[in-house]
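First comes the structure, then the notes that go with it.
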Amino acid sequence: MNGDTTRSTGRDVAIVTVSQTPSVAAFDGPEPVLVMRCVNDILNQTGLERSEVDFTIAGSCDYNSGLPFAFVMNLDGIGAWPPVYESHVEMDGAWALFEAWLRLQVGDVDTALVIGSGRPSPGNHREAFALQTDPYFMAPLGLDPTSLAGLQARALLDRELATERDFAEVVVRSRQAGASNPKAMVTEQASVEELMAQPYVASPLRAHDVAPTADGAAAVLLVAGDRARELRERPAWIRGIDHRIESHHPGFRDLTDSPSIRTAAAHAGAADGPIDVAELMVVHSHEELIVRRSLGLGEQTVVNPSGGPLAGDPVMATGLVRVAEVASRIMDGTVRRGVAHASSGACLQQNLVSVLEGDD
Amino acid sequence: MLPDVETLLEYPYTRTTGPVLGPFFTALRDGRLLGIRIDGRVYCPPVEYDPETGTSLEPDLVEMGSDGTVKSWTWVTQPTSQHPFDHPFAFALVLLDGAYRPIVHALEVASPDELSTGMRVSVQFHEDRRGAITDFHFVPAGTGTARQVVTGGEPVTVIEQLISLRYREPLQPHRRRFAQGLLDGRFIGQRSPISGKVSIPGRGYDLLERVEVGEEGDLVLADRGSVTAFTVITPIQYYGQKETEPYIRASILLDGGDTPLTGVDVRGLPIDEFRIGLRLQAVWWPAGQRDLGEIDNRSVSLDGIIERWNPTGEPDADPDSFEEFAL
């Protein structure tokens, strides 16, 4: 397969509008309402009718919602009339973005509405997401994301690639950034010393090292070609997007490294220009160290100015929120170029890297 | 104030094991641990393909010893209901002697103070084994009991996994008012502020107009209506099935509503006399005997609320009047 397929394409596609609900610990209403608020916000911002959206796609998780075919119920939020041409991924909304981007490459449709939503508050996140592990060797042991993250964090310590203080510093920085983000959930500040005095939940990780799950949704509108400039003076062009996967056996991987991020970043063209901002899907604090290193981010890159998932993790929307945060900074002229990262599976097993740029 | 609602979501999965995992799980059931040899390297757990190249493999299975070395570990302070222990324990990556890559599994020690990367551990087989990864766990080397190998059983060709997830939450506001109405003997629907259409149960929004609907949209519907659709279900037996005889599920359009109640249980009425247009009257369980047990934020069953539906004796409604209803 040609490694450049994900960026040497004929069709320019841009994000022209983004929307997010606030991340809240428990939303007292149905998940389709979270979707509906984002969809209506996107349409209001652009002045488009729903009938002018050619394609819609959502990312959500039925085990998260607690209902078979919950993803069908979520279509209520998009509106039952007129009929939608739509798709769904049982993945974070960032992967819905990837499919929408691919769909627009076909060339017969020009606009795509991308949604990610989750309402994990009634359920048990660790138990629901233990079910995404191997069903023969791992799921019967209840191997959950937090425990597996603990194994990965320990591997970093043992290889002297990080210290527990480094983990706490990631949390402190994320919370400081989240304090100025009205969509973030955690605004309470704490010092490194205060955090390191807390007990472990999956040593060497403490409760604050694990992103606090939130109810919430996000959406972005993708538009191809010149139509994007009609809807937004400064669109956020998707210059590259790439998804790579490693073994689902954590023991078969070097947990201190992420070759899938390096490959995805190379194929998405992350290093083709300066990276002003990077939003990383860090759902366990130590992951930031691995993702930064694997993306090759330097001092010039501002990382997670939104606070990232550690300041509030709207499950199944978190990855798409990263894209929305980068896109909004490009659209408002704050930055010219940025990278959005999303992950799925245990210990950063799957990674999606998007490179976004504004016009010069 | 209505109590929180609990939902249990279960999926019983059965998976075939195949040419590599089948012998692996059969051996576990017997009290032996197998790996697979690939280009001179031994992988445990065994895989059907080369992890480096993806090439599919001939099963060259080899027996592993009992001992290994911890490559990473985490101490789980609060086990989930899916974990193999209900007390704090460790998960660990254990490199079995002779293996090329570590296996992830549970390691039982009394205290995290006993744990370290590099510590030696042993496989501890359980007495009751069924051919599953949960047939063993790790313990510090030299502390386990000897394995009893029992051969001669049938091969393990299928793995069963019951997925079981629990959800607990308050009824959502629109649902709370609907449920309270049922306890009070009233069907509460919701009127769209834009179209004026009345749906029951309300969803807290109008999915046609894409607008949220709050308490101001609530209204009481009649407890009689017309059958707009029905199906006769002949039950097949599956996990969780409680039915044995054919029964009707009907859609009933309550007078004053624009969407029917769907999936209504009307057993007791003769199947061969049931028809679209039939007029029915709800007969409520007496106040105090009404049970909201099957009503949560995800689904509604009126079985604990409505004792039965009686034909009213009125002339049938004209079926053509239902043409805008899909169900």
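Scanning segment A:304-321 turns up no residue that is touching a Pro at 6+ places or on another chain (Cβ under 9 Å), modelled with pLDDT of 95 or more and over 24 Å from A:Phe27 (Cα atoms).
Inclusion of A:Ala202 among residues that are at negative phi, over 19 Å from the mean Cα position of the chain (by Cα), buried (at least 20 other Cβ atoms within 10 Å of the Cβ) and of a type in the set (Gly, Ala, Ser) is warranted. If I ask for residues that are in contact with a Phe, Trp or Tyr (Cβ under 8 Å, 6 or more places away or on another chain) and closer than 21 Å to B:Arg186 by Cβ, which ones from segment B:200-226 would you list? Matches in segment B:200-226: B:Ile200, B:Pro201, B:Gly202, B:Val213, B:Val220, B:Leu221, B:Ala222, B:Asp223, B:Ser226. The set of residues in segment B:26-56 that are of a type in the set (S, T, N, Q) and buried (at least 18 other Cβ atoms within 10 Å of the Cβ) contains only B:Thr26. Of the residues A:Val220, A:Val210, the single one that is surrounded by fewer than 24 Cβ atoms within 10 Å (Cβ to Cβ) and either of a type in the set (D, E, K, R) or more than 10 Å from chain B (Cβ to nearest Cβ) (or both) is A:Val210. Considering segment A:70-109, and only residues there that are among the charged types (D, E, K, R) and under 18 Å from the mean Cα position of the chain (by Cα), the residue that is nearest to A:Gln349 (Cα to Cα) turns out to be A:Asp92. Against the test of being assigned to a helix (DSSP H, G or I) and either assigned by TED's automatic domain parsing to the domain that holds B:Phe187 or surrounded by 12 or more Cβ atoms within 10 Å (Cβ to Cβ) (or both), the options B:Ser226, B:Ser251, B:Ser321 yield a single qualifying residue, B:Ser321. The set of residues in segment A:49-77 being in a loop (DSSP other than H, G, I, E, B), buried (at least 24 other Cβ atoms within 10 Å of the Cβ) and facing chain B (nearest Cβ under 10 Å) consists of A:Gly66 alone. Among the residues making up segment A:295-313, those that are more than 12 Å from A:Val339 (Cβ to Cβ) and surrounded by 24 or more Cβ atoms within 10 Å (Cβ to Cβ) are A:Ser306, A:Gly307, A:Gly308, A:Pro309, A:Leu310, A:Ala311, A:Gly312, A:Asp313.
Search segment B:220-245 for residues being closer than 20 Å to B:Glu324 by Cβ and aliphatic (A, V, I, L, M), and hand back the single one that is nearest to the chain's Cα centre (by Cα). Selected residue: B:Ala229. Please tell me if A:Val89 is within 14 Å of another protein chain (Cβ to nearest Cβ) and in contact with a helix residue (DSSP H, G or I) (Cβ under 9 Å, 6 or more places away or on another chain). When the stated conditions are applied, A:Val89 does not pass them. Across segment B:274-294, what is the total count of residues that are surrounded by 17 or more Cβ atoms within 10 Å (Cβ to Cβ), more than 12 Å from B:Gly185 (Cα to Cα) and of a type in the set (Lys, Arg)? Count: 1.
For segment A:1-48, filtering for residues that are at pLDDT below 95 and buried (at least 21 other Cβ atoms within 10 Å of the Cβ) leaves 1. Sort out for me the strands (runs of 3 or more DSSP E) sitting completely within segment B:11-88 that have 2 or more residues that are in contact with a strand residue (DSSP E or B) (Cβ under 6 Å, 6 or more places away or on another chain) and within 12 Å of chain A (Cβ to nearest Cβ). Correct list: B:67-76.
Among residues of segment A:124-137 that are more than 7 Å from chain B (Cβ to nearest Cβ), those with a beta-carbon under 8 Å from a residue that is aliphatic (A, V, I, L, M) and in a loop (DSSP other than H, G, I, E, B) at least six positions away or on a different chain give the pairs A:His125/A:Val315; A:Thr133/A:Leu143. Residue count for segment B:62-115 under the criterion of being under 22 Å from A:Ala130 (Cβ atoms), crowded, with 18+ Cβ neighbours inside 10 Å and either of a type in the set (Ser, Thr, Tyr) or not assigned by TED's automatic domain parsing to the domain that holds B:His137 (or both): the result is 2. Looking at the structure I just gave you, is B:Asn297 buried (at least 18 other Cβ atoms within 10 Å of the Cβ), of a type outside the set (A, V, I, L, M, F, W, C) and assigned by TED's automatic domain parsing to the domain that holds B:Ile194? Yes: the conditions hold for B:Asn297. Of all the numbered requirements in (1) over 18 Å from B:Val300 (Cα atoms); (2) modelled with pLDDT under 95; (3) not in a loop (DSSP other than H, G, I, E, B), B:Gly263 misses one, and that requirement is (1).
What number of residues in segment A:310-353 are hydroxyl-bearing (Ser, Thr, Tyr) and either free of Cβ contacts under 8 Å to residues at least 40 places away in the same chain or more than 26 Å from A:Leu148 (Cα to Cα) (or both)? So the answer is 2. Looking at segment A:10-48, which of the residues that are more than 14 Å from A:Gly216 (Cα to Cα) and among the hydroxyl-bearing types (Ser, Thr, Tyr) is farthest from the other protein chains (Cβ to nearest Cβ)? Once the filter is applied, the top-ranked residue is A:Thr17.
The values are calculated or read from the model by the stated rules, or taken from the named source; none is laboratory data. What you are looking at is a predicted structure, and each value in this text was computed from that prediction instead of being measured. As a convention, Cβ positions derive from the backbone with ideal geometry for all residues, glycine included, and neighbour counts pool all protein chains shown.
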